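Here is the structure we will look at.
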Amino acid sequence: MRRRSLDILLAGTASDSHTWNLVYLQLFLEERGHRVGNLGPCVPDELLARECAARRPQLLVLASVNGHGYRDGLGAVRALRRAGHTLPVVIGGKLGTAGEADPAQRALLLEAGCDRVFDDGDTHALGDYLDTLVPGAVRAAA
């Protein structure tokens, strides 16, 4: 038996130049059996929308560690939804500069079209969410 896998597009937010978190997330997702396309850091909203159209991923994972994830994520998800993309979008990491989760900003992200917000990079919660997207298992071909 093996898990079903997803085609996942991973990207840093527009102002976030950090790469180590993206490498970690790519490995985390691949170890769970998913296929990952990593766009890297500082991905502008327009590029993100074009790549979603070209690659047609089943999930978009946005990551931030510079503390501007709430703001950048809001722009990204709004651009994606305006472009007609309906795929699930999640964002996580250090999303604010205050050092704690901001419920009002989180609510804005969800209202704009994010399916989940993982404050403080909660990979356990991300893993649980992935399990809801790929329930059960499929048998490997003999």
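Suppose accessible area is computed on protein heavy atoms with a 1.4 Å probe; arrange 17, 64, 5 from highest to lowest.
17, 5, 64
Using a simple spin-label model with points 7 Å from Cα along the Cα→Cβ vector, what separation in nm is obtained for residue 98 and residue 56? With each label point 7 Å from Cα toward Cβ, the separation is 4.2 nm. For the residues 85, 124, 18, a 1.4 Å probe over the protein chains yields an accessible-area ranking, largest first, of 124, 18, 85. Note on the chain: Cα convex hull, mean projected area over all directions, 8.2 nm². Here segment 66-109 is scanned for amide nitrogen atoms under 12 Å from the site 7 Å beyond the Cα of residue 132 along Cα-to-Cβ, giving 89-90. Amide hydrogen proximity for residue 16: with H placed 1.01 Å from N in the peptide plane, the residues at 5 or more positions away or on another chain lying under 5 Å are 42, 43.
For 68, 34, write out the residues from largest to smallest accessible area, computed with a 1.4 angstrom probe and no ligands counted. Write out the running numbers ahead of the final one.
Details: 68 65, 34 10 Å².
Putting 68, 34 in descending order of accessible area: 68, 34.
So what is the relative contact order of the chain, in percent, for Cα pairs below 8 Å that sit 6 or more residues apart? Please report the intermediate quantities before stating the final value.
Details: 262 pairs, mean separation 38.6, N = 142.
Rounded, it is 27 percent for the chain.
The values are calculated or read from the model by the stated rules, or taken from the named source; none is laboratory data. Not measured: the values here are computed from a predicted model. In this analysis, Cβ positions are derived from the backbone assuming ideal geometry, glycine residues included, and neighbour counts consider all displayed protein chains. Calculation scope for accessible area: heavy atoms of the full protein, side chains included, ligands and nucleic acids excluded. Shrake-Rupley method; radii C 1.70, N 1.55, O 1.52, S 1.80 Å.
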